[in-house]
Amino acid sequence: MEKNYSDLAETAIQSIEKIAGTHPGYRRAHAKGSYYEAVFTPNGQAIPYTTAAHLQQEPVKAIVRFSDSSPSPKMMDGLSPVKGMSVQFQLPNGQVTYLVSVTVPVFLTKTPEAFVEIIRLTAQKPGPRDLVKMFMKYPESKAAFRIIKHMKPFLSYSTSCYYPIHAFYFVNEQGKRQAVKYKWVPDETFSLEAKKESAVHAMDYLEKELDEQLPIGFTLYVTLGEEGDLVDDSTASWPKERTTFAIGHLDINGKIEHPDDQIVFDPTVVPAGIECTDDPVLHARRDFYAASFKRRIKGL
Ligand code: HEM
C-alpha cells in the first residue's frame with residue numbers, strides 16, 4: 001500500500017510559510033513562473049524499452065512551466081541558480097503525464113522526513129553552528145551542496161539543462177523493466193540577450209528574456225541504469241560512463257498568457273510503460289504538491 005505523507009506535508013508547508021511568509025494563491029515552492037505551449041516529438045529510440053504512448057513515434061502536445069524555486073513570488077531572479085522546468089505531456093488517450101525537473105541533478109536528502117526536518121529547523125532561525133550540526137546529520141546533502149556551490153549565476157531558462165532527479169522504470173512490450181534517469185539539454189547554450197538583461201534587470205528578467213527567445217527547444221535524453229546503480233536514492237548519481245541517448249525533442253513555441261493555473265505537476269503520474277521506483281522523496285512529492293494545491297486553489 002502507498003505510504004501517506006499528508007501529515008508530513010502539513011509540517012513541510014507550515015515550515016515553508018514560516019520561513020518565506022504566506023503568499024495567497026501561489027505555490028508553496030516554485031511560486032514565480034510562466035507557462036508555454038509545446039510539442040514533444042519522440043524519435044523512436046525509447047521503443048525497445050517502453051510502451052509509453054508519448055515516447056513512440058507520434059508527436060504529442062505539451063504544456064511547460066518555467067519557475068524559480070523560491071516559495072516567494074517576488075524572489076529576485078538572479079539570487080538562486082535553482083530553477084524549474086515542468087512538462088505536462090498530453091497523451092493520445094486523453095491521459096497526461098509529467099516530467100518535473102530542476103537545474104540540479106541530485107536532491108539534498110534521501111528521505112522526505114530528513115528534508116522536512118531541515119526546513120522545520122530552518123524555520124526556527126538556527127545560528128550558524130546549529131546549521132552546521134544539522135547538515136552533519138545528513139551527510140548525503142554534501143553532493144547537492146557541492147554542485148550548487150559551483151553553479152554559475154543563472155542567466156536564461158532557455159540555455160540551461162534540467163534534471164527530473166529521480167530514477168524511473170521503463171517497461172517494454174515483453175514486460176522487461178529498465179531503470180532510467182532523464183535529462184533535458186537545451187538547443188542553445190548561450191544567450192547574449194540574457195547576459196545583458198541580467199545585468200540591467202537583475203530582479204525580474206528571466207520571463208521577459210525567455211519570451212524574446214521563443215521558439216526554443218530541448219532534447220530529452222535517458223541514461224540506462226545498470227546492476228548496482230541506486231534507483232531509490234535521489235542524492236545518488238550514476239557513473240558517467242552509463243549509456244545515454246536522445247529519445248525526443250521538445251519545441252516550445254508560444255507563451256500561454258492567461259494560464260489555467262490548476263495543473264499540479266505531480267511526478268508520480270506515469271502512463272502504462274513507465275513505473276515509479278520506490279524513492280521515498282518521489283512518492284512524498286505527491287502529497288506535498290496536493291497540500292500546496294489545496295491551499296493555493298482556495299486563494300490561501
Ligand atoms: C521532499 C522534497 C520536496 C518538497 C517538500 C517539495 C515541495 C514542493 C511544493 C510544495 C511545490 C508546489 C506544488 C504546487 O503547488 O503545485 C513544489 C513544486 C515544484 N517542485 Fe518540489 N518539492 C520537493 C522535492 C522536489 C524535487 C526532488 C524536485 C526535483 C525535480 C522538485 C521540483 C519542483 C518543481 C520544478 C516544482 C514546480 C512545479 C510547477 O511548475 O508547478 N521538488 N515542490
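The values are calculated or read from the model by the stated rules, or taken from the named source; none is laboratory data. Every value quoted in this text rests on a predicted model; they were computed, and no experiment measured them. Because the Cβ atoms are built from the backbone with ideal geometry, glycine has one as well, and the counts that use them run over all protein chains shown. Calculation scope for accessible area: heavy atoms of the full protein, side chains included, ligands and nucleic acids excluded. Shrake-Rupley method; radii C 1.70, N 1.55, O 1.52, S 1.80 Å.
Which condition breaks for Thr235 when tested against (1) over 24 Å from Lys3 (Cα atoms); (2) at pLDDT 95 or above?
Against the list (1) over 24 Å from Lys3 (Cα atoms); (2) at pLDDT 95 or above, Thr235 comes up short only on (1).
Which ones in the range 151-200 are aliphatic (A, V, I, L, M) and either open to solvent by 10 Å² or more (accessible area, probe 1.4 Å) or under 24 Å from Gln56 (Cβ atoms) (or both)?
Residues of the range 151-200 aliphatic (A, V, I, L, M): 151, 155, 165, 167, 171, 179-180, 185, 192, 194, 199-200.
Matches in the range 151-200: Met151, Leu155, Ile165, Ala167, Val171, Ala179, Val180, Val185, Leu192, Ala199, Val200.
Considering only helices (runs of 4 or more DSSP H) fully contained in the range 126-225, which possess at least 1 residues that are small (Gly, Ala, Ser) and touching a residue at least 40 places away in the same chain (Cβ under 8 Å)? Give the steps one after another, and end with the answer.
Working: elements: 128-136, 142-149, 192-200, 206-213.
By residue number, 142-149, 192-200.
Residue-by-condition table, conditions (1) among the basic types (Lys, Arg); (2) open to solvent by 50 Å² or more (accessible area, probe 1.4 Å); (3) within 16 Å of the ligand (Cβ to nearest atom); (4) in contact with a helix residue (DSSP H, G or I) (Cβ under 8 Å, 6 or more places away or on another chain):
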position: Met203; (1), (2), (3), (4): no, yes, no, yes
position: Ser234; (1), (2), (3), (4): no, no, yes, yes
position: Arg242; (1), (2), (3), (4): yes, no, no, no
position: Ala246; (1), (2), (3), (4): no, no, no, no
position: Pro271; (1), (2), (3), (4): no, no, no, yes
position: Asp278; (1), (2), (3), (4): no, yes, yes, no
position: Asp287; (1), (2), (3), (4): no, no, yes, yes
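Only one of these conditions is not met by Arg28: (1) buried (at least 22 other Cβ atoms within 10 Å of the Cβ); (2) within 13 Å of the ligand (Cβ to nearest atom); (3) outside any loop (DSSP other than H, G, I, E, B). Which number is it?
Only one criterion is unmet by Arg28, namely (3).
Does Lys240 fit the bill of being in contact with a Phe, Trp or Tyr (Cβ under 6 Å, 6 or more places away or on another chain) and at pLDDT 95 or above?
Details: in contact with a Phe, Trp or Tyr (Cβ under 6 Å, 6 or more places away or on another chain): no; at pLDDT 95 or above: yes.
In short, no.
Among the residues of the range 103-117, count how many are outside any loop (DSSP other than H, G, I, E, B) and either crowded, with 20+ Cβ neighbours inside 10 Å or touching an Asp or Glu at 6+ places or on another chain (Cβ under 9 Å) (or both). Walk me through it before giving the result.
First, the residues of the range 103-117 that are outside any loop (DSSP other than H, G, I, E, B): 112-117.
Now restrict to residues that are either crowded, with 20+ Cβ neighbours inside 10 Å or touching an Asp or Glu at 6+ places or on another chain (Cβ under 9 Å) (or both): 112, 114-116.
Looking only at that region, the number is 4.
Residues being within 16 Å of the ligand (Cβ to nearest atom), acidic (Asp, Glu) and open to solvent by 40 Å² or more (accessible area, probe 1.4 Å): count how many of those fall in the range 35-80. Spell out how you get there, then give the answer.
Step one: of the range 35-80, the residues within 16 Å of the ligand (Cβ to nearest atom) are 35-38, 62-73, 75, 77, 80.
Keeping just the survivors that are acidic (Asp, Glu) gives 37, 68, 77.
Okay, now just the ones that are also open to solvent by 40 Å² or more (accessible area, probe 1.4 Å), so 37.
Summing the residues that are within 16 Å of the ligand (Cβ to nearest atom), acidic (Asp, Glu) and open to solvent by 40 Å² or more (accessible area, probe 1.4 Å) in the range 35-80 gives 1.
Can Lys83 be described as within 15 Å of the chain's Cα centre (by Cα), farther than 21 Å from Leu230 by Cα and either open to solvent by less than 20 Å² (accessible area, probe 1.4 Å) or modelled with pLDDT of 95 or more (or both)?
Details: within 15 Å of the chain's Cα centre (by Cα): yes; farther than 21 Å from Leu230 by Cα: yes; either open to solvent by less than 20 Å² (accessible area, probe 1.4 Å) or modelled with pLDDT of 95 or more (or both): yes.
Here the answer is yes, as Lys83 does meet what is asked.
Against the definition (over 25 Å from His249 (Cβ atoms), within 13 Å of the ligand (Cβ to nearest atom) and not acidic (Asp, Glu)), how does Ser86 come out, yes or no? Write out each step before concluding.
Values: over 25 Å from His249 (Cβ atoms): no; within 13 Å of the ligand (Cβ to nearest atom): yes; not acidic (Asp, Glu): yes.
No.
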